1. Which one, D:GLN154, D:VAL211, D:GLY190, is farthest towards the positive end of the dipole of the stretch D:154-281 when Lys and Arg carry +1 and Asp and Glu -1 on their Cβ?
2. Note down the magnitude of the dipole of the protein assembly as shown about its Cα centre, charges +1 on Lys and Arg C-beta and -1 on Asp and Glu C-beta and zero elsewhere, to the nearest 20 debye.
3. In the neighborhood of C:SER53, defined by Cβ-to-Cβ distances under 14 Å, what is the net charge if each Lys or Arg adds +1 and each Asp or Glu adds -1?
4. Just from the alpha-carbon atoms, what are the Rg and Dmax of the stretch B:130-259 in angstroms?
5. Report, to one decimal in Å, the Kirkwood hydrodynamic radius for the stretch B:83-133 based on all distinct Cα pairs.
6. How big, on average over all directions, is the shadow cast by the Cα convex hull of the stretch A:214-305, in nm²?
7. Can you give me the relative contact order of the stretch A:75-141 as a percent, contacts being Cα pairs under 8 Å and 6 or more apart?
8. Summarise the partner chain shielding of D:199-212 as one whole number: the mean count of Cβ atoms from other chains within 10 Å of each residue's Cβ.
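The values are calculated or read from the model by the stated rules, or taken from the named source; none is laboratory data. Being a predicted model, the structure only gives us computed values, none of them experimental. Cβ placement follows ideal geometry from the backbone for every residue including glycine, while neighbour counts extend to all protein chains displayed. For the accessible areas, the whole protein counts, side chains as well, though only heavy atoms, and no ligand, DNA or RNA atoms are used. Shrake-Rupley method; radii C 1.70, N 1.55, O 1.52, S 1.80 Å.
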Number of protein chains: 4
Amino acid sequence: MRTVKWNGVYPAVTTKFKENGDLDIPAFLKNIEHQIDAGVNGIIIGGSLGESSTLTHDDRLALLEATVAAFGDQTDVLLNVAEGATTAAIELVQRAEKAGAHGFMLLPPMMYKPTDQEVADYFKTVARSTKLPILLYNNPVDYKIEITLPIFEQLASEANIQAVKESTRDISNVTRMKNKFGDRFKILCGVDTLAMEELLMGADGWVAGLVCAFPKETVAIYELVKAGKIDEALEIYRWFLPILELDINPQLVQNIKLAEVMTGIGTEPVRAPRHILVGDERKRVIKILEDGIASRPILPDYKNL
Amino acid sequence: MRTVKWNGVYPAVTTKFKENGDLDIPAFLKNIEHQIDAGVNGIIIGGSLGESSTLTHDDRLALLEATVAAFGDQTDVLLNVAEGATTAAIELVQRAEKAGAHGFMLLPPMMYKPTDQEVADYFKTVARSTKLPILLYNNPVDYKIEITLPIFEQLASEANIQAVKESTRDISNVTRMKNKFGDRFKILCGVDTLAMEELLMGADGWVAGLVCAFPKETVAIYELVKAGKIDEALEIYRWFLPILELDINPQLVQNIKLAEVMTGIGTEPVRAPRHILVGDERKRVIKILEDGIASRPILPDYKNL
Amino acid sequence: MRTVKWNGVYPAVTTKFKENGDLDIPAFLKNIEHQIDAGVNGIIIGGSLGESSTLTHDDRLALLEATVAAFGDQTDVLLNVAEGATTAAIELVQRAEKAGAHGFMLLPPMMYKPTDQEVADYFKTVARSTKLPILLYNNPVDYKIEITLPIFEQLASEANIQAVKESTRDISNVTRMKNKFGDRFKILCGVDTLAMEELLMGADGWVAGLVCAFPKETVAIYELVKAGKIDEALEIYRWFLPILELDINPQLVQNIKLAEVMTGIGTEPVRAPRHILVGDERKRVIKILEDGIASRPILPDYKNL
Amino acid sequence: MRTVKWNGVYPAVTTKFKENGDLDIPAFLKNIEHQIDAGVNGIIIGGSLGESSTLTHDDRLALLEATVAAFGDQTDVLLNVAEGATTAAIELVQRAEKAGAHGFMLLPPMMYKPTDQEVADYFKTVARSTKLPILLYNNPVDYKIEITLPIFEQLASEANIQAVKESTRDISNVTRMKNKFGDRFKILCGVDTLAMEELLMGADGWVAGLVCAFPKETVAIYELVKAGKIDEALEIYRWFLPILELDINPQLVQNIKLAEVMTGIGTEPVRAPRHILVGDERKRVIKILEDGIASRPILPDYKNL
């Protein structure tokens, strides 16, 4: 069993589809290859950015198996689990474990606002159904459920609940978690536009979005911050911010797929009900991306700092 | 094909489970029988109140088939469709049509905040996959997606999109819809605590929650308002409000199942991740229900007003 | 001392200014005369709609004195009190009582989010500084402070706290107040777009905004509802809604002053920092008003129903 | 005329009152003396933390004059201007300029949600009424008005609008402002719990709250960050966070006054409608402060880094 380290950059990759909505595995693997070349530490499959809400369990397994087969010896391969029923989550987790997953990202129950105790019990029950390590996704803005400090306290005894994707937008939460739990839970920033800030405050890693189109710049910021080269990191990050803001948008999937096309490492088709970007919004996004690509910074040799 | 009238009371019924989480069809049908006796016009299966987020397609079909077999000649039997992918919605709709459903309640795509055009196209595509009539569910508070007037304008040409469950909490929306569309879309109030108000302002029906435990009182209010007996309706409604507020609560399912037990027409088990109510919150809810049951009003002969 | 009845329509009148920002008392009185002719029961001076945030105490007194002198024997004249410090509120209340005010509208402390106990004590202290009756203004949407039921419970022993301007937007609050307090506190709807709904549910009066430009239509709706002529009221109200929505807008003052100009009973100048409406927004509002004026309903003899 | 530098720490000091609500100037000056000893760069009088909503213009002038007389040669003395009417703001600004103020903090118009153009014009008009430099206060969370980038663009030509108190809670705004305006507007973090993060991202200064009770710790964090000693700063900041959170609370005034008492440099009385903290909330705050004081870190020689 591969040990997931929970630091560095973890792209939440987009799912590639053919025009008819079928999975496009070769295009999917091509993008992941670019991620690994850039130096990411793991891949998260089937997240929100991977159009989770349109993927069946079979789709998820197909993406997982292809990734493990191609890159399972080079990078952590994590599957996102976003289910409404506890039984459905366990079923998926157990199929994925057999299929070679290295770990999971786990959301609270979907489409229901549970009590704190229900959230805690859901996480515990799912965690106990697998030996693999788990990254919880704490995103009260989009999912209305906050994994509070008392919930984490309950979960501290579950050895395979190891990390949190911190997407509360409340950056003080990094400090609160460190004050309360030290290094018990690794903290991965889950909001592209807060990543440098949270890494500076002690976050361990970055579950990234725009990395899908700009893998090197993303990893460079991470490595520069960790090496204490803050001014250099800040220069890249300031350049990056208008692009990173495409992640903080209901059309983040479409934005990032378009960005991947413009940087040459992805494809654009999405599954219904999604449409690709059209009209003025498409123009606005293209302008931001063109401006960014035109002024792309020269990166230092960030793998050898 | 039964003609759905879209007026009167439509209970969004709870799903009955055994302690192990299996469907409990006899208990499910028993409650529906009480609804029909009280004078409701239709039954909505697998809504939020029916623990939609934990039901598989097979579960939904089993509930639907049993209801149609038992009561399909006495009442409208509608199935709730709450899916993330357009293909999944179509698949469910077509299975249900074959199984004898009379119509559908249809939510916008789940777990993704689509654009207005994506919402409109989703509804159109699903509507065109069936001959059955459809009630759209407009609940931006819980699902973050508002079906705006311009979206309804686009949908007016789809003959089988016939009604809306109005749960925006913005009661002026009843008047706006009537001003813009006259009777093109039937309006069913979807918020128990706003029902009398919206019926007075011209809403056609009531998709009700507490009706599951208090069917007669619910239908009585509807009939009294429609008969112009406002003072009589208001007296019952004022009595009912503290109980109706149990519907405006994240634990609405648990609240209403407990209410059904206390009025003798239901059972309490829920599916994980839900727990039944515990501790102080259970006491609080029981107190409200006990107070309400102790002061239950004597109803007029509301079926013959 | 005039007895304020707290039913019927109470216009929150706009303050009239000259182009240089000075008070324009004749224009102010002219509009009030139209209100009284239409059958309102009282006048509220210096409310939000009266550009409260730009009025000094001296301005308020000047408006009050002119109104009492001209119409004090025909209508209730109430002054709005919206202060940050308890001492400032008491000072204003006592000056106004000497100047002949019949009562007050009283907001919670401004520009500070107080605790419930601080709110209750503020109201009590101000109430005890005057013999005149008081209407509390409950508007948590705009002022972030809700006057909760427990606060009202504390205030029930203050005999001159007699009524509430209900602007919570939570229409169930009418029923909750009636259930808890019966007629102890008169309820005046403070949101134009919810007025008919709340009157139907038992509200006693209407603190109105668009009444400033459309006094007869406003009073007609009130009188028709109270006479049980709901269909007639509803027809006028449906016509009125697009105009009433001009009240639910940050530029409500400018909207309503423009409406007064278009119906011939007001003037448009506002005090800085406000500007009169310009550009597309001005066109949008004029269009709504023109459409409304063109289709103005013929009113029944609403004073003799 | 003293040149305000807009970097370093600017305490928004509390106003000291006697038990009867009168100003307590000696206690006020005593605290300021501790601030200056700790190394702050300026003092902001009459801010929200100074109970602005209860202060008359005369109160503000009295506080200003005493501070200028005592410390005007040692530190920047800025007056907060939070008015509803443009004329009232100008009147206060001009009185304060004559009284020896070095500059102003200026809020958008209070108690009215103006349009962006009204906000811009308000700031311009007030700025043109004085030669003194101005710090705008950008706090859409508490005041509902955001000073957007396009508004700042309009204001860039006003030479004495020099800085912004950044309290949007959207930390990306630091980067957006730097990307768009470079150093045209100095950025002072206005949220204690985001201060270290924003200083790391390039903010120039810190308008601080808990500094009132903990001046040395606050200045130490600022100086350590600016000297690149991030780990040392982070250690102090993590210790400080539970205390800093007392600033993000409706009772921030009461919390901070209690903290000042516990660190021996302030007094507790507040003006009505405020009460001092009572009951469980008082115990909760005392516990946080006692814990913090018991584990107070030993500071480095932060004035000579």
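1. Farthest along the dipole direction, towards plus: D:GLN154.
2. Details: 132 positive and 168 negative charges, 0 e Å.
So the magnitude is around 0 debye.
3. Details: positive: C:ARG60, C:ARG271, C:ARG274, D:LYS113, D:LYS144; negative: C:GLU51, C:ASP59, C:GLU83, C:ASP142, D:GLU83, D:GLU118.
That sum, taken over residues with Cβ under 14 Å, equals -1.
4. 15.0, 43
5. Values: mean 1/r = 0.0894 Å⁻¹.
In the stretch B:83-133 this quantity evaluates to 11.2 Å.
6. Values: hull surface 25.4 nm².
Spelled out: convex hull of the Cα atoms, projected over all directions, averaged, 6.4 nm².
7. Working: 87 pairs, mean separation 25.7, N = 67.
Relative contact order, the stretch A:75-141: 38 percent.
8. On the way: counts 0, 7, 7, 4, 0, 0, 0, 0, 0, 0, 0, 0, 0, 0.
Taking the mean over all residues of the peptide, I get 1.
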